[in-house]
Amino acid sequence: MFNISMLGLLGLAVWSAVALVRRTRQRRAAWESGLTAQARVVRAWSTTQLVNNVARRVQWHEYDFTTQDGRAVRFKESGGPRDRTEGHQVLVHYAPHEPDKATASEPRPGRDMAITVVWLVVLAACAIFLVHEWIELSRY
């Protein structure tokens with residue numbers, strides 16, 4: 001059971017790193033494409049996560065927009081401003097090959113990359129610690 005738990009934790013760390021890099025690349029592609037559209041917020045809600053016994057609120061938005069070639073697109077994104085409510089019009093950035101992976105956040109590729117690197121270092125440190133503990137505890 002111990003080995004399965006350790007494999008599961010390592011798998012979770014790898015999955016988190018892949019998801020983080022994938023979303024960073026999607027946002028960068030959307031910003032670099034130069035394609036923008038006016039989108040309407042169709043739904044806004046928040047969720048609460050407990051981190052170290054402290055409630056953390058995450059704001060979610062669902063947007064509708066039409067691409068330049070006339071396709072209707074709906075996408076969800078977390079982390080937007082709390083005062084953005086249903087009916088608001090916002091500018092979204094999207095890539096032509098993945099308009100459903102658009103972003104309503106302002107282009108900040110340097111900040112986005114720095115945050116990604118920090119999280120990847122944290123995940124790598126966790127993975128190294130897990131492997132170390134796995135080896136140490138397997139000796140007994």
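Candidates Ala55, Ala72, Ala44: the one that is modelled with pLDDT under 90 and not basic (Lys, Arg) is Ala55. Of all the criteria given as (1) open to solvent by 30 Å² or more (accessible area, probe 1.4 Å); (2) part of a strand (DSSP E or B), the one not satisfied by Val41 is (1). Filter region 4-22 down to the residues that are touching a residue at least 24 places away in the same chain (Cβ under 8 Å) and not β-branched (Val, Ile, Thr) and list them by number. Across region 4-22, the qualifying residues are Met6, Leu9, Leu10, Ala13, Ser16, Ala17, Leu20. Here Thr47 meets the list (1) of a type outside the set (A, V, I, L, M, F, W, C); (2) surrounded by 11 or more Cβ atoms within 10 Å (Cβ to Cβ); (3) part of a strand (DSSP E or B) almost entirely, failing just condition (2). Among the criteria (1) over 19 Å from the mean Cα position of the chain (by Cα); (2) within 26 Å of Val14 (Cβ to Cβ); (3) in contact (Cβ under 8 Å) with a residue 60 or more places away in the chain, the one Ala39 does not fulfil is (2).
The values are calculated or read from the model by the stated rules, or taken from the named source; none is laboratory data. Owing to the predicted nature of the structure, the values given are computational and were not obtained by experimental measurement. Reconstructed Cβ throughout: ideal geometry from the backbone, glycine too, with neighbour counts over all protein chains shown. Only protein heavy atoms, including side chains, enter the accessible area calculation; ligands, DNA and RNA are left aside. Shrake-Rupley method; radii C 1.70, N 1.55, O 1.52, S 1.80 Å.
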